[in-house]
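Working notes, structure below.
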């Protein structure tokens, strides 16, 4: 849903990426720094009730983490391991955000039902990402979903940050919306994979029948 913004964001990040390209900093360094910073910020600030400060820290490190792809493109150093590292560490960052807010809701926030919703968002977000990775692992496309990582982080951090500023009801509304969208996105991906798998199986069956028919025709001709 936010893919349409990526070209514009890439243009904004390109000057920073060019500046970093003149330093010893590598894309993988940025990936690790972004993950460590975001994880530390989320797990130290959210559980202690510093919701707005935690959101600012996490947002800053999200932007830093986004520079890794820009820097890799400028340096011409894009590769399989970099993509693997980025995707894997993203899961850690995302989990830290929702783990942190879950801990606060269950303790200082005194709202265990909403803590369960936040925990559901954590698990559902992991399932959404896993569904895509597993589908691609078996050679199927799964690039669908109304709430991908960018959308989930935007909704989650916006709700947490506004709650930290004292805006009423925004956190429960945001988390419930995120829970529903995450579950729906997981369903979208399961359906897309099922459809793609059935299509591939049908193509394979048709190819086998055609080969059998060609073989039988050749045998008859001889």
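Coordinate-derived values only; no laboratory data. Note that the coordinates shown come from a computational prediction; the quantities given were computed from them, not determined experimentally. Cβ coordinates were reconstructed from backbone atoms using ideal geometry, including for glycine residues, and neighbour counts include every protein chain displayed.
Under the rule a/c < 1.5 gives rounded, and otherwise a/b versus b/c splits prolate from oblate, where does the chain land using the Cα gyration tensor? If you can, show how the numbers build up before the last one.
Numbers: a/c = 3.12, a/b = 1.62, b/c = 1.93.
Oblate.
The label-point distance for residue 53 and residue 176, in a model that sets each label 7 Å from Cα toward Cβ, rounds to 3.1 nm.
Legend: ranking of residues 112, 132 from fewest to most surrounding C-beta atoms inside 10 Å; resulting order 112, 132. Using a Gaussian network for the chain with springs between C-alpha atoms less than 10 Å apart, which of these wobbles most: 204, 131, 42? Greatest mean-square fluctuation among the candidates belongs to 204. For the chain, the longest principal axis of the Cα atoms and the long axis of helix 27-45 meet at an angle of about 50 degrees.
Taking 0.36 nm per intervening residue step and subtracting the Cα-Cα distance, what contour gain separates residue 196 from residue 123 on full extension? Kindly include the intermediate steps, with their values, before the conclusion.
Working: separation 73, 0.36 × 73 = 26.28 nm, distance 2.48 nm.
So the chain would gain 23.8 nm between residue 196 and residue 123.
Binning all Cα-Cα separations of the range 157-220 at 10 Å, short to long from zero, yields these whole-percent fractions: 19, 21, 15, 14, 12, 9, 7, 3, 0. For the residues 170, 25, 193, a GNM of the chain with alpha-carbon springs under 10 Å puts the largest fluctuation on 25. Working from Cα positions, state the angle (0 to 90°, nearest 10) between the long axis of helix 170-221 and the longest principal axis of the chain. Approximately 10 degrees, to the nearest ten. Just check the range 105-222 against the gyration tensor rule for me: Cα atoms, a ≥ b ≥ c as the square roots of the eigenvalues, rounded for a/c under 1.5, and otherwise prolate or oblate depending on whether a/b exceeds b/c. Prolate, since a/c reaches 1.5 and a/b exceeds b/c.
Each of 152, 73 was scored by other Cβ atoms within 10 Å of its Cβ. Arranged with the fewest first, they read 73, 152. Among 117-126, 83-92, 158-167, the peptide with the highest mean count of other Cβ atoms within 10 Å heads the list, and the full ranking is 117-126, 158-167, 83-92. Among 188, 75, 201, the largest mean-square fluctuation in a Gaussian network model of the chain, built with springs joining Cα atoms closer than 10 Å, belongs to 201. Estimated from helical segments only, the mean residue ellipticity of the chain at 222 nm is -29000 deg cm²/dmol, where each DSSP H run of four or more residues counts as -39500 (n - 2.57). Shown is the FRET efficiency for residue 144 and residue 214, computed with R0 = 35 Å from the Cβ-Cβ distance and rounded to the nearest 0.05: 0.45.
Defining a contact as two alpha carbons under 8 Å apart and six or more residues distant in sequence, what relative contact order in percent does the chain show? Intermediate results must be reported in sequence, preceding the final value.
Details: 246 pairs, mean separation 47.0, N = 222.
Relative contact order for the chain comes out at 21 percent.
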